[in-house]
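Written below as structure tokens is the structure these notes are about.
The values are calculated or read from the model by the stated rules, or taken from the named source; none is laboratory data. The model shown is predicted, which means the values in this text are computed figures rather than measured ones. For neighbour counting, all protein chains shown are included, and Cβ atoms are generated from backbone atoms with ideal geometry for every residue, glycine included.
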Amino acid sequence: MDMSNNSSKQVQCQQFTQAEDGINTQIPAKTQVNIGGKAWTQSQLVQVFSAAVDAVGAVTAAKAQLQQLVVSQGAAIQAARALYIELRQYAETQWGKGSPVLAAFGFVTTQPKQKSSATKAIAAAKSKLTRQARGTVGARQKQAVTANGSVGLVLVSANGQAIPGVTQGPVPPALPGNAGSTPASK
């Protein structure tokens, strides 16, 4: 609830209590007064203001008690939830995750859904199309791919010409810019 609303009610309760005091001291007990087009006795006026003050006090006390109950409820639920998780772990360890004994504790055992044959066929077709689109192959298909020739190293200058006399490994193939010259190997 809004704090300004609470203070407003407290101010009103103070005003009502002062009104009661004024009624008791200024209006004689057996006298009737005409207020708002209705005849009132002293006790009737005091009763209305007293009921309002009592109602605000009762609500304030009930609200404080409710707040305490909500806090204790939260703590109790949190403790029970932690114990529930631990109990489930214990039961699954003791009897197994798929055991029907777990139902006695209120634990639901879930079995993985079996896929229908249609779902399996669609998944296989999608997988095949994906592999074709990406150009991926399996391990046996990779073994069939081999390279011809051997590995070698040729150092090339900034202008793209092979540097003569600086090679490692077997004799490299001729570069496009040096069709007539073959570098000597070390």
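Things to note:
- Gly180 small (Gly, Ala, Ser), at pLDDT below 85 and surrounded by 11 or more Cβ atoms within 10 Å (Cβ to Cβ): no
- Where Lys63 falls short, out of the listed (1) in a helix (DSSP H, G or I); (2) out of contact with any helix residue (DSSP H, G or I) (no Cβ under 6 Å at 6 or more places or on another chain); (3) surrounded by 10 or more Cβ atoms within 10 Å (Cβ to Cβ); (4) free of Cβ contacts under 8 Å to residues at least 40 places away in the same chain: (4)
- Selected residue (criterion: nearest to Ala52 (Cα to Cα)) from residues of region 4-42 that are hydroxyl-bearing (Ser, Thr, Tyr) and within 60 Å of the chain's Cα centre (by Cα): Thr17
- Of residues in region 6-42 being part of a helix (DSSP H, G or I) and among the charged types (D, E, K, R), the one modelled with the lowest pLDDT: Lys9
- Ala123 meets each of the listed conditions (1) hydrophobic (A, V, I, L, M, F, W, C); (2) outside any helix (DSSP H, G or I); (3) more than 30 Å from Ile85 (Cα to Cα) apart from (2).
Conditions (1) surrounded by 11 or more Cβ atoms within 10 Å (Cβ to Cβ); (2) part of a loop (DSSP other than H, G, I, E, B), marked per residue:
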position: Ile85; (1), (2): no, no
position: Gln94; (1), (2): no, no
position: Leu102; (1), (2): yes, no
position: Gln111; (1), (2): no, yes
position: Thr119; (1), (2): yes, no
position: Gln141; (1), (2): no, no
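- Residues located in region 143-177, provided they are assigned to a helix (DSSP H, G or I) and at pLDDT 65 or above: Gln143, Ala144
- Residue in region 61-68 that is hydrophobic (A, V, I, L, M, F, W, C) and touching a strand residue (DSSP E or B) at 6+ places or on another chain (Cβ under 6 Å) present: no
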